[in-house]
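A short write-up of the structure that comes next.
Please treat every number below as a calculation from the coordinates, not as lab data. Please read these numbers as outputs of a predicted model, since none were measured by experiment. Glycine also receives a Cβ, built like all others from the backbone with ideal geometry; neighbour counts cover every protein chain displayed.
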Amino acid sequence: MPLTSRLATPADLAALTPLVDAAIGRLLSPWLDPAQVEASRAIMGVDTRLVDDGTYFVVEDDGALAGCGGWSRRATLYGGDHTEGRDDALLDPATQPARIRAMYTHPDHTRRGVGRLVLRRCEAAAAAAGFTRVELMATVAGRPLYEAAGYVVDEELSDSSTGVVIPLARMSRSLAPDAASPGPP
């Protein structure tokens, strides 16, 4: 059965918490030490504003929750509900990029096109809303997916708000029809 996707609803939130926890714990551990993985939980997570805005998707693989992710027309670039410093200011599609946010794949469903499906859905929705560019904050584990989908690194940086340094990369791509396309999953 092929992957299916749909907009997330508030009823999905309880099931997303263990998915996000598994993704952070298992997918980051080959790249980061245990303290960095634990600190990542403080700066990552689902932002329910995306669900409320109708810009967050869930992906199912043969009926099982396989992943999630969304896009935003708001200024916050990354972080979950519990992350400090979020900014709900609306972005101007004519001058600012939409944000790809809170993408997670359950570890049992990696390498099956879940992330690419979320990216395609987000990019199409952002383009339909008038945005011509998208940007995201990539973890070391997510960066290979984004690079394969045509994103380029705009800035190497880190988050040390927890007292532990977590490497990140701000990445972006054009939504123009001639830009690199993520292609099929």
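At-a-glance table
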| item | result |
| --- | --- |
| Residues of segment 88-116 classified as among the aliphatic types (A, V, I, L, M) and surrounded by 14 or more Cβ atoms within 10 Å (Cβ to Cβ), total | 6 |
| Residue that is surrounded by the most Cβ atoms within 10 Å (Cβ to Cβ), among those in segment 117-137 that are among the basic types (Lys, Arg) and in contact with a Pro (Cβ under 7 Å, 6 or more places away or on another chain) | ARG120 |
| Candidate set from segment 57-72 (those that are among the hydrophobic types (A, V, I, L, M, F, W, C) and in contact with a Ser or Thr (Cβ under 9 Å, 6 or more places away or on another chain)); member that is surrounded by the most Cβ atoms within 10 Å (Cβ to Cβ) | TRP71 |
| Which numbered condition VAL140 misses (of (1) surrounded by 18 or more Cβ atoms within 10 Å (Cβ to Cβ); (2) among the β-branched types (Val, Ile, Thr); (3) touching a Pro at 6+ places or on another chain (Cβ under 6 Å)) | (1) |
| Qualifying positions in segment 45-56 - crowded, with 22+ Cβ neighbours inside 10 Å, in contact with a Ser or Thr (Cβ under 8 Å, 6 or more places away or on another chain) and either within 18 Å of GLY142 (Cβ to Cβ) or hydrophobic (A, V, I, L, M, F, W, C) (or both) | VAL46, ASP47, LEU50, VAL51 |
| Residue match in segment 41-60 (condition: of a type outside the set (S, T, N, Q), farther than 20 Å from THR110 by Cα and touching a residue at least 60 places away in the same chain (Cβ under 8 Å)) | yes |
| From the options GLY45, GLY70, residue that is part of a loop (DSSP other than H, G, I, E, B), within 30 Å of GLY130 (Cα to Cα) and among the small types (Gly, Ala, Ser) | GLY45 |
| Subset of segment 140-170 (residues that are under 16 Å from the mean Cα position of the chain (by Cα), closer than 18 Å to ARG86 by Cβ and not hydrophobic (A, V, I, L, M, F, W, C)) | ARG170 |
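Per-residue answers, yes or no, for (1) in contact with an Asp or Glu (Cβ under 7 Å, 6 or more places away or on another chain); (2) part of a loop (DSSP other than H, G, I, E, B); (3) small (Gly, Ala, Ser):
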residue	(1), (2), (3)
ARG101	yes, no, no
ARG112	yes, yes, no
ARG116	no, no, no
ALA124	no, no, yes
VAL134	yes, no, no
MET137	no, no, no
